[in-house]
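The block underneath contains the structure these notes are about, expressed in structure tokens.
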Amino acid sequence: MSRLPAHFPLLNPPSPTPSNPPAARGAPVFHVRGLTKFYGEGATQVRALAGVDLDLHAGELVVLLGPSGSGKTTLLNQLGGLDIPTAGTLRYRDTDLTHATESELTLYRRESVGFVFQFYNLIPSLTARENVGLITEIADHPMPAEEALGMVGLSPRLDHFPAQLSGGEQQRVAIARAIAKRPAVLLCDEPTGALDVHTGIVVLEALERANRELGALTVIITHNAVMADMADRVIHFSDGRVLSEHRNATRALPATLRW
Amino acid sequence: MIAHLDRKLLRDLKRLRGQAAAVSLVMACGLAMLIMARSLISSLEGTRAEYYQTNHFAEVFASLKRAPNHLADRIRALPGVATVQADLAVPVTLDLPGLDEPASGIVRSLPDFGEPELNRLFLRRGRWLSPGSRGEVLVGEAFAKANALNPGDTLTMLLNGRRQTFHLAGIVLSPEYIFESRPGAALPDNRTYGIFWMPYKEVATAWDLYGAFNHLAITLAPGAGERPVIAGVDRLLRPYGGLGAFGRKDHPSHIRVTDEIRVLTILSIGFPIVFLSVAAFMTNAVLTRLLSLQREQIAILKAFGFTNRQIVVHYLKFAFVMVLAGLGLGLLGGVALGQNLVVMYELFFKFPDLRFRLDGPAVAIALGVGLGTVTLGVLDAVRRAARLPPAEAMRPEPPANFRPSLIERTGIARLLSHSFRIAIRNLERRPAQALFTVAGLALATALLILPNSFKAGISEVLDFQWDVVQRQDVNLGLVEPSSARLAHELARLPGVTSLEPSRSAAVRVHFQGRSRQIGLRSLLPGGRHSRAVDRAGREISPPPHGVILSSKLADVLGAKIGDTLVLEALEGRRPFANVPLTALAEDFTGIAAYMDLHAINRFLGEGDVITGASLTLDLSRRAEFLAALKEIPRVSTVAIKETMRQAFRETTAQSMGVIQSIYLTFAVIVAFGVIYNNARISLAERARELATLRVVGMTQHEVGAVLVTELVILALLAVPLGLLMGTGLTTFIIGSVNTETIRLPLVFTTYTYAFAVVVVLIASTLSAFVVLRKLKHLDLIAALKAPE
């Protein structure tokens, strides 16, 4: 192998990464079968997920595409342990998330999941460094908050409060917060939804780099089809189920994307 | 048909019912106090005025040794005098079955035929005295009740040393004895002290006073001044042992009711101000929160053509509904409190019919004050929200601006946890909200100091009075000044272990144009019973020449140690003397002057005379002593320390119980309400932030800790402040109710403070717990969807 180990990012100019063959990865991180979710009861009942079958593997960057209302956020919430499915199987490694209790889900989120939301959801009364530090305080083997913020290019803005940062910067703080605990899973819900193209690309670069360097399974949900090119695998979602999926031969660099 | 905007109002209210209820409850405390106090004032004033008018209560009163009845005609002829009633008032002791100690009291004479012109009685039960009857008596209600006496019972009385049996004809009330108590006593002891009425002939015969009077009641002609009449009466009575005439405002029973009205007036102003300020702030906090939540709704309403005015009115209505609810609760609370207090007043004040009368104007004032305060509290916020241009209002509010808090800027930032930082930065960003929460909690703490401090003060007065100042077991009063030899006779009674003679006299003390009529009491050099004690608790030994005054009396006169006072005796040959003021005595009930026993006798020039004695007893022979005492006719009053102490304890326990529960309720409501609202608003404003913390893996407890940290910081600020406020408030209130009749010492015990802290902390913790339970229902997914 001619490349240096991934944790020396500065010496490795980013380049299109070949998609890893699925066979090399062993057991999936998520094993999803017949996943169903209903909201409400009786006449007002809504079916958000209608039997999803899916395996997601370590280190993969998966883009989940679909129109709004297709159920992709619902799926992400089930994967992230924010909600419990109505029926079906949802396993994270050896853990059955379908029947997990409230406190088991909390522990799961705390140890294994990093979230990035469309609207950043930073704590307004804490600085960038402190927003990340808040999470590293409760994580088992976190990286220092400064390192996480360095990975997203925010070293000069460590002590700024959210109100003093631009939207893109706030989203990068959110990414730093999500990756600082070295999560096994990074779940991103429309991470560029509130940003302009230029800022959006900077954010996607940060996500791509986090996926590459930390090896976290990264799931990005979006209705922006352009982002499909940066994924290892693209899953099309519609009406509460997987419509189709395909694998990219190479991952496009975020910088090359335009929408 | 409810307008749609009003329907929205109702639904908003329903959603915020917890917070609205907290505001209304705090407001209700203030309004209840206002309604209760104003209503009680009008009940007391109204009832008293009617009673005085119906029963022809006199306007000027005088006591004297004795004067022939025809002197009354000369007094009647004084300019400004309308009616004169001359009668008798004499001391009496009673031998009651079931009461092993003698009771004492005053017998007042009634005309032998017909009703008295002034100070007419009110017949509660039984019948009036039969015209020309003998052997019948009317008894004051307080004494009758305390001793379970009924019309038809018989009473054995010692009248001027003669034992006689009387039939109790009726139980009565008198406008002269609304407060029926031993002269100078702070609280009534109705079991051993009573007032009785008999025909003039009966009293006069027993006391050899036929054709004479020793008490006067006078009413003034319309427009006549009280002062010249008092001066004229004093001049005419001087040769007959006049003890100085006085007007209604110095009448002991009248003063007690007036004092109570004064206390109620203070309550009716102070309490509502404090409670309504807290409530106004709470309303402001709830409404500000609602306005920021409904920013876009306001924009839409305006975009569709609603005027600023309509929007202001809509949100003001929200506040007004809380005021109306508060008024409703306050009205119920005020009436309930008032009715409770009237029951308590019945312990002290005897009116024919004292009823709680709801004061209509008080309710109107309460409504006005309530609406006014909340309008002041919220108008600015509402107007600002309504004025926002719709396009701007449609956009979400800009993100909150934070900065490192003051504490962090001192350089200890590294020591602080993240949740602590979140907490103090939030507090610093909303200083007004923090300040008022602190103020509310401090108020709750302060409220709890007052009743316990009152209680401790009363208990200290009792201990001081009976363990420090009067260490004897029994005080005896003689029918009239007697030779000191009587003391030897009394000392030989069974069970008496020590005896000290005493001499008291009515005097008037003058200093630089001011004067007070008081009792001059004797002290024995080296005496072990009655003592005078200074502020530091040291015994003051009576000077051979010179006088000791109650420090309150010195205050009233403006005299200092070393000044020369003029003592004017109001009995005997009425001598005058110039005496130096040599020391100030600390005492809590009444005002008095103290002199060496021999100095008093020298001053009065009546030889070696005593008017009473104090005794200590071998308690195992108490019954034997009391039985023997009943046989000594010259004893007119007997005061047994333990009995009086017991009676005081019962009366104070009952009234303090009512007062304490009122304050406790108020304090708990305020502490609970203030914390509840603060926590609810924090929870609502920061639902997104808190949900995010939960999503990224914090447990419910960890997220709760962020909110609790804030509350704990507020409580840590508020409680010491509250203890300070409570101390100040108590000092002010006790200072303002201190009178010449009774003064309470300021007593602050560890228990008083600890009680306040514990109650406030428990109420706050429960309240926080109620709110924290809502963290369970935090909607994690909804909070992530969009910023508000």
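Taking the conditions exactly as written (free of Cβ contacts under 8 Å to residues at least 12 places away in the same chain and either surrounded by fewer than 19 Cβ atoms within 10 Å (Cβ to Cβ) or over 20 Å from B:L64 (Cβ atoms) (or both)), does B:E539 satisfy them or not?
Against the criterion (free of Cβ contacts under 8 Å to residues at least 12 places away in the same chain and either surrounded by fewer than 19 Cβ atoms within 10 Å (Cβ to Cβ) or over 20 Å from B:L64 (Cβ atoms) (or both)), B:E539 qualifies.
In the set (1) in contact with a strand residue (DSSP E or B) (Cβ under 8 Å, 6 or more places away or on another chain); (2) surrounded by fewer than 23 Cβ atoms within 10 Å (Cβ to Cβ), the condition left unmet by B:R108 is number (2).
B:A224 meets all of the listed conditions (1) out of contact with any Leu (no Cβ under 9 Å at 6 or more places or on another chain); (2) hydrophobic (A, V, I, L, M, F, W, C); (3) in contact (Cβ under 8 Å) with a residue 12 or more places away in the chain; (4) assigned to a helix (DSSP H, G or I) but one, namely (4). Annotation note: Cβ proximity below 8 Å between a residue of region A:50-68 that is over 14 Å from A:N248 (Cβ atoms) and a residue that is open to solvent by 30 Å² or more (accessible area, probe 1.4 Å) and of a type in the set (D, E, K, R) (sequence gap 6+ or interchain) occurs for A:A50/A:D239; A:A50/A:R241; A:G51/A:R241; A:V52/A:R241; A:D53/A:R33; A:H57/A:R25; A:A58/A:R25; A:G59/A:R25.
What number of residues within region A:73-101 are charged (D, E, K, R) and either open to solvent by less than 10 Å² (accessible area, probe 1.4 Å) or facing chain B (nearest Cβ under 8 Å) (or both)? Outline the logic, then answer.
Initially, region A:73-101 is screened for residues charged (D, E, K, R), giving A:83, A:91, A:93-94, A:96.
Then drop every residue that is not either open to solvent by less than 10 Å² (accessible area, probe 1.4 Å) or facing chain B (nearest Cβ under 8 Å) (or both), which leaves A:83.
Looking only at that region, the number is 1.
A search for C-beta distances below 7 Å between a residue of region A:131-145 that is within 11 Å of chain B (Cβ to nearest Cβ) and closer than 10 Å to A:R177 by Cα and any residue that is open to solvent by less than 20 Å² (accessible area, probe 1.4 Å) and among the charged types (D, E, K, R), counting only pairs 6+ apart in sequence or on different chains, returns A:N131/A:R177; A:V132/A:R177; A:I135/A:R177; A:I135/A:K181; A:T136/A:K181.
Which residue out of A:P124, A:P67 is open to solvent by 30 Å² or more (accessible area, probe 1.4 Å), over 15 Å from the mean Cα position of the chain (by Cα) and within 9 Å of chain B (Cβ to nearest Cβ)?
Details: A:P67 fails: within 9 Å of chain B (Cβ to nearest Cβ).
Unique residue meeting the criteria: A:P124.
Of all residues in region B:203-221, which are farther than 18 Å from B:D87 by Cβ and not in a strand (DSSP E or B)? So that I can check it myself, show each step before the final result.
Restricting attention to region B:203-221, the residues satisfying the condition of being farther than 18 Å from B:D87 by Cβ are B:220-221.
B:A221, the sole residue that qualifies.
Per this entry, B:V703 is counted among residues that are within 14 Å of another protein chain (Cβ to nearest Cβ) and touching a Leu at 6+ places or on another chain (Cβ under 7 Å). Screening A:I201 against (1) over 27 Å from B:I422 (Cβ atoms); (2) under 15 Å from the mean Cα position of the chain (by Cα) leaves a single unmet condition, (2).
Do any strands (runs of 3 or more DSSP E) lying entirely in region B:460-562 carry at least 1 residues that are within 14 Å of B:A583 (Cβ to Cβ), and which ones are they? Steps first, please.
Values: elements: B:474-483, B:496-502, B:504-511, B:514-523, B:547-550.
Strands (runs of 3 or more DSSP E) meeting the threshold: B:514-523, B:547-550.
Within region B:137-179, being touching a helix residue (DSSP H, G or I) at 6+ places or on another chain (Cβ under 8 Å) and open to solvent by 10 Å² or more (accessible area, probe 1.4 Å) holds for B:L149, B:N150, B:N160, B:R162, B:Q164, B:E176, B:Y177, B:F179. Selection of strands (runs of 3 or more DSSP E) fully inside region A:182-254 by the criterion of at least 1 residues being free of Cβ contacts under 8 Å to residues at least 40 places away in the same chain returns A:241-247.
When A:V113 is tested against (1) surrounded by 23 or more Cβ atoms within 10 Å (Cβ to Cβ); (2) at pLDDT below 90; (3) within 8 Å of chain B (Cβ to nearest Cβ), just one condition goes unmet, and that condition is (2).
Of all residues in region B:40-91, those being aliphatic (A, V, I, L, M) and either open to solvent by 20 Å² or more (accessible area, probe 1.4 Å) or closer than 30 Å to B:V343 by Cα (or both) number 10. Of all residue pairs spaced 6 or more apart or on separate chains, those with beta-carbon atoms under 6 Å, a first member in region B:667-691 that is within 14 Å of chain A (Cβ to nearest Cβ) and open to solvent by less than 20 Å² (accessible area, probe 1.4 Å) and a second member that is in a helix (DSSP H, G or I) and not aromatic (F, W, Y) are B:S682/B:L707; B:L690/B:V703; B:A691/B:L780; B:A691/B:A783. Across region B:585-635, the qualifying residues are those that are open to solvent by 30 Å² or more (accessible area, probe 1.4 Å) and of a type in the set (A, V, I, L, M, F, W, C), and the one among them that is farthest from B:R528 (Cα to Cα) is B:A627.
Please verify whether region A:118-128 includes one or more residues that are in a helix (DSSP H, G or I) and either of a type in the set (F, W, Y) or touching a residue at least 12 places away in the same chain (Cβ under 8 Å) (or both).
Restricting attention to region A:118-128, the residues satisfying the condition of being in a helix (DSSP H, G or I) are A:128.
With the extra rule that they be either of a type in the set (F, W, Y) or touching a residue at least 12 places away in the same chain (Cβ under 8 Å) (or both), the set shrinks to A:128.
There is at least one residue in region A:118-128 that is in a helix (DSSP H, G or I) and either of a type in the set (F, W, Y) or touching a residue at least 12 places away in the same chain (Cβ under 8 Å) (or both).
Just to check your reading of the model, which residue among B:F306, B:F281, B:F320 is within 30 Å of B:A391 (Cα to Cα), open to solvent by 40 Å² or more (accessible area, probe 1.4 Å) and part of a helix (DSSP H, G or I)? Walk me through it before giving the result.
Numbers: B:F306 fails: part of a helix (DSSP H, G or I); B:F281 fails: open to solvent by 40 Å² or more (accessible area, probe 1.4 Å).
Of the residues listed, the single one that is within 30 Å of B:A391 (Cα to Cα), open to solvent by 40 Å² or more (accessible area, probe 1.4 Å) and part of a helix (DSSP H, G or I) is B:F320.
Cβ-Cβ contacts under 8 Å between residues 6 or more apart (or on different chains), taken from a first residue in region B:318-343 that is on the phi < 0 side of the Ramachandran plot to a second residue that is among the basic types (K, R), are listed as B:V342/B:R355.
Quick check on region B:742-756: of everything there that is of a type in the set (V, I, T) and surrounded by 17 or more Cβ atoms within 10 Å (Cβ to Cβ), which residue is modelled with the highest pLDDT? Show your work before the answer.
The initial filter retains those residues of region B:742-756 that are of a type in the set (V, I, T), namely B:742, B:747, B:749-750, B:752.
If we keep only those that are surrounded by 17 or more Cβ atoms within 10 Å (Cβ to Cβ) too, we end up with B:742, B:747, B:752.
On the way: B:I742: 72, B:V747: 90, B:T752: 94.
Residue satisfying both the conditions and the ranking: B:T752.
Scanning region A:147-168 for residues that are in contact (Cβ under 8 Å) with a residue 40 or more places away in the chain, assigned to a helix (DSSP H, G or I) and away from chain B (no Cβ under 12 Å) gives a single hit, A:M151. Of the residues in region A:219-228, none is open to solvent by 30 Å² or more (accessible area, probe 1.4 Å), among the aliphatic types (A, V, I, L, M) and within 12 Å of chain B (Cβ to nearest Cβ).
The values are calculated or read from the model by the stated rules, or taken from the named source; none is laboratory data. Predicted model only: the values in this text are computed from it and were never measured. All Cβ positions, glycine included, derive from the backbone under ideal geometry; neighbour counts span all protein chains shown. We work out accessible area using only protein heavy atoms, side chains counted, and drop any ligands, DNA or RNA first. Shrake-Rupley method; radii C 1.70, N 1.55, O 1.52, S 1.80 Å.
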